[in-house]
Amino acid sequence: MKTALLNADKIRLDGRKLDELRPVKIEVGVIKNADGSARIEFGKNKIMAAVYGPKEVHPKHLTKPDRAIVKCRYHMTPFSTDTRKNPSFSRREIEISKVIRQALEPAIILEDYPRSSIEVYMEVLQSDGGSRCAALSAASVALADAGINMRDLVAGCAAGKIGGEIVLDIDDTEDKEGEADMPTGIMPSLGLVTLFQLDGNLSASEFQKTFDLAVNGCMKVYQIQREALMNKYFGQSEPMQESNE
Amino acid sequence: MSAVRKAVVVGTLRKSQMKEQLVKGKRLDGRDLLQQRNLSIELGVIEKASGSARVRLGDTEIVAGAKVETGRPFPDTPDQGLLIVTAEVLPIASAYAEPGPPNEEAIELARVSDRGIRESGMLDFSKLMIKKGEHVYSVFVDVAVLNDDGGLFDAASYAIVSALSTATRPNTELAEDGSLIVSDDTSDLDVKTLPIATTFAKIHGKIVFDPNTEEQAMMEARLTLVTDSEGKFVAGQKGGSGVFTYDEMKELARISAERGIEIRKAIRDTIDNGSQKT
């Protein structure tokens, strides 16, 4: 029994337009003990990210003489899902931790921290579809908050296909009942893709359109990431400058 | 034949040689940038499996075995059969593979392979239901990497497609008391489409298709795209600690669809002929 994900006016179940992002809120420096942290609310997603490091590498044999290693853990709390999630680490979480790590590594100037490890922990307190993109966005802000040297922030957002239409920012229901989901992460100022996954069914032209929309969504998330960091460090947000001075 | 040690850590000399070649549009093994290694497929290599195939892609060797059994559905999908995909890089497969539970690479391999089958609609899970909420077919696809010289996503997808396309399922009958009678005779497992994976690596800013271990060790980033028989994109995964430009992403989508058609045709021919090699 399929619910219609779009009404006659192409409005989505939660009232959003096709290219509309869910409400996104980011708060910086929310975990006292961490070197850097952020909390993101991305629709009903509630995710905390904390960064510890640069610090000594454990176990020692993982040490790289010329750069830092990044450890990443994306984890869902048992109460974050509709039916209780087993607290132990699932195959899905292992995969997501890996793709998020590889999405953050290009942004971090690892050579600045030889022989050290940078640890990124993301805890999903409530999940609502698109949690890996939200977690990635929060983690990148937490890294910046920790004062880690970076080339750019990393902003994540998914696009996908529901009811035959290409839409931005797939939520839980749309992910389960929809036709495609394309989680994407970019370095927005550099215009480079650092995270990309796809599952679903997209024609060649739909692929291009979905990708463009996802990049667009990432740019919107980037704006919110910047504002959050501005708020913490300058007590106000500045409008984004398009060009360098 | 003497074994060439395939290094995960590539020496400085090899690195600069590779770079020199790439600039000329060539690779250390003599291939063009977008050329695939030799692909051969043998069907039905494991008699006890419901369907199986051995794939050799260059020096990479993979066996995929499908087992189709009867079982109970998951509570949230009472009217659908099950699919479970696992992958293991066996300790015989390289000097760097270790015994023990699958590591994150093997888990990624299994999950991307799973997405290719599931999202393409290759199997019609509603047709794999026998009695709602009670009995369904469970399709297990297990991928064993016997020799690892890179390109595991692609080789696994060819092995899986070949194994499932030639797989059978046991016929069943419902007894009056609702219990299931599993018969000895079998029917074909109906396969709707052939999801084909293509993997590209970016090395020194150049894109190569079907990277081997040495190239993977040198790559900045990797992109796998899976297309179905209609040329639709059904799965994708970026890997590696590097980046792709927006234009590269779109260009790779185009190339992936193109190469998918050729590879699918070769696999289709093998399956139709039931022959040993492509």
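The values are calculated or read from the model by the stated rules, or taken from the named source; none is laboratory data. All figures in this text were calculated on a predicted structure; none of them were measured in a lab. Neighbour counts are summed over all protein chains in view; Cβ atoms, including those assigned to glycine, are modelled from backbone coordinates with ideal geometry.
Filtered by the rule that a residue be among the hydrophobic types (A, V, I, L, M, F, W, C) and more than 11 Å from chain B (Cβ to nearest Cβ), the range A:85-113 gives A:100, A:109. Restricting the range B:230-253 to residues that are surrounded by fewer than 18 Cβ atoms within 10 Å (Cβ to Cβ) and more than 7 Å from chain A (Cβ to nearest Cβ) leaves a set whose member that is nearest to the chain's Cα centre (by Cα) is B:230. Cβ separations smaller than 7 Å between residues 6+ apart or across chains give the following pairs from the range B:99-118 residues that are over 17 Å from residue B:162 (Cα atoms) to residues that are in a loop (DSSP other than H, G, I, E, B): B:99/B:91.
Scanning the range A:74-84 for residues that are touching a strand residue (DSSP E or B) at 6+ places or on another chain (Cβ under 9 Å) and surrounded by fewer than 18 Cβ atoms within 10 Å (Cβ to Cβ), we see that the one that is nearest to the other protein chains (Cβ to nearest Cβ) is A:81.
So residue B:99 passes all but one of these: (1) within 25 Å of residue A:176 (Cα to Cα); (2) surrounded by fewer than 20 Cβ atoms within 10 Å (Cβ to Cβ). Which condition number does it fail? Here residue B:99 clears every test but (1). With a requirement of 1 or more residues that are modelled with pLDDT of 95 or more and more than 10 Å from chain B (Cβ to nearest Cβ), the strands (runs of 3 or more DSSP E) lying completely within the range A:138-222 that satisfy it span A:155-162, A:165-168. Return a yes/no flag: does the range A:2-13 have any residue that is buried (at least 19 other Cβ atoms within 10 Å of the Cβ) and either touching a residue at least 12 places away in the same chain (Cβ under 8 Å) or among the hydrophobic types (A, V, I, L, M, F, W, C) (or both). Scanning the range A:2-13 turns up at least one residue that is buried (at least 19 other Cβ atoms within 10 Å of the Cβ) and either touching a residue at least 12 places away in the same chain (Cβ under 8 Å) or among the hydrophobic types (A, V, I, L, M, F, W, C) (or both).
Just wondering, is there one or more residues in the range A:55-77 that are in contact with a helix residue (DSSP H, G or I) (Cβ under 8 Å, 6 or more places away or on another chain), modelled with pLDDT of 95 or more and closer than 19 Å to residue A:187 by Cα? Taking every residue of the range A:55-77 in turn, at least one turns out to be in contact with a helix residue (DSSP H, G or I) (Cβ under 8 Å, 6 or more places away or on another chain), modelled with pLDDT of 95 or more and closer than 19 Å to residue A:187 by Cα. Would a scan of the range B:191-199 turn up a residue that is under 20 Å from the mean Cα position of the chain (by Cα), surrounded by fewer than 14 Cβ atoms within 10 Å (Cβ to Cβ), in a loop (DSSP other than H, G, I, E, B) and touching a residue at least 40 places away in the same chain (Cβ under 8 Å)? Within the range B:191-199 (the criterion being under 20 Å from the mean Cα position of the chain (by Cα), surrounded by fewer than 14 Cβ atoms within 10 Å (Cβ to Cβ), in a loop (DSSP other than H, G, I, E, B) and touching a residue at least 40 places away in the same chain (Cβ under 8 Å)), the answer is yes, since at least one residue qualifies. Of the candidates B:142, B:154, B:184, B:149, the single residue that is assigned to a strand (DSSP E or B), surrounded by 15 or more Cβ atoms within 10 Å (Cβ to Cβ) and of a type in the set (Asp, Glu) is B:142. If you go through the range B:202-227 and keep only what is within 14 Å of chain A (Cβ to nearest Cβ), more than 23 Å from residue A:70 (Cβ to Cβ) and crowded, with 23+ Cβ neighbours inside 10 Å, you end up with B:225, B:226, B:227.
Give the residues of the range A:160-177 that are buried (at least 21 other Cβ atoms within 10 Å of the Cβ), over 12 Å from residue A:221 (Cβ atoms) and in contact with a Gly (Cβ under 7 Å, 6 or more places away or on another chain), sorted by residue number. Steps first, answer last, please.
So in the range A:160-177, the residues buried (at least 21 other Cβ atoms within 10 Å of the Cβ) come out as A:160-162, A:166-171, A:174.
Still in the running and over 12 Å from residue A:221 (Cβ atoms): A:160-162, A:166-167, A:170-171, A:174.
Those that are buried (at least 21 other Cβ atoms within 10 Å of the Cβ), over 12 Å from residue A:221 (Cβ atoms) and in contact with a Gly (Cβ under 7 Å, 6 or more places away or on another chain): A:160, A:161, A:162, A:167, A:170, A:171, A:174.
Within the range B:178-201, the set of residues being away from every other protein chain (no Cβ under 14 Å) and touching an Asp or Glu at 6+ places or on another chain (Cβ under 6 Å) comprises B:181 only. A search for C-beta distances below 7 Å between a residue of the range B:70-95 that is over 24 Å from residue B:119 (Cα atoms) and any residue that is exposed (fewer than 13 other Cβ atoms within 10 Å of the Cβ), counting only pairs 6+ apart in sequence or on different chains, returns B:91/B:98; B:91/B:99.
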